[in-house]
Amino acid sequence: MYCVYNENLIVLNNARHYRQFRETRDGDRLPVFPNDKAVIFMDSDARYRVQTEDGEVMFIGCGGIDEAISRIYYAQPYVEIEVIADGRHMTLEEFEQQRELSEGEST
């Protein structure tokens, strides 16, 4: 049994996400992403859901892929990220390449 804690930093009425961590009842800190793997589910409106490999939802937001990635790395650096978008499973690198190609085609 553990709890997930979110800490927010509030300065001059401006709140921002500070960190997220898991802790057992005994005070032992656990990695947010077991097995060092996170999964991002992206939809077409830049909304995302970040889960552990076991399906536990850790973050939900609407700031796009860059926000999701920064929150993952902030919670636990050096995590392997899988992106699921448009029904495709991709590594983060494959997703970035696809995004660059799409942006190149639109200009």
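The values are calculated or read from the model by the stated rules, or taken from the named source; none is laboratory data. Because the structure is a prediction, the values reported are computed rather than measured. For neighbour counting, all protein chains shown are included, and Cβ atoms are generated from backbone atoms with ideal geometry for every residue, glycine included.
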- Message: Testing residue 104 on (1) out of contact with any Asp or Glu (no Cβ under 7 Å at 6 or more places or on another chain); (2) surrounded by 12 or more Cβ atoms within 10 Å (Cβ to Cβ); (3) modelled with pLDDT of 75 or more, one condition comes back false. Which one is that?
- Response: (2)
- Would you mention how many residues in region 1-57 are surrounded by 13 or more Cβ atoms within 10 Å (Cβ to Cβ), modelled with pLDDT of 85 or more and assigned to a strand (DSSP E or B)? 11
- Evaluate the following for residue 74: is it in a strand (DSSP E or B) and at pLDDT below 85? no
- Can you name the residue in region 83-107 that is in contact with a Phe, Trp or Tyr (Cβ under 9 Å, 6 or more places away or on another chain) and either touching a residue at least 12 places away in the same chain (Cβ under 8 Å) or of a type in the set (Val, Ile, Thr) (or both) and is also farthest from residue 30 (Cα to Cα) among such residues? 85
- Residues of region 26-42 that turn out to be under 19 Å from residue 90 (Cα atoms) and in contact (Cβ under 8 Å) with a residue 24 or more places away in the chain, as a count: 8
- Task: State the number of residues belonging to region 77-107 that are out of contact with any strand residue (DSSP E or B) (no Cβ under 6 Å at 6 or more places or on another chain) and not in a loop (DSSP other than H, G, I, E, B).
- Result: 16
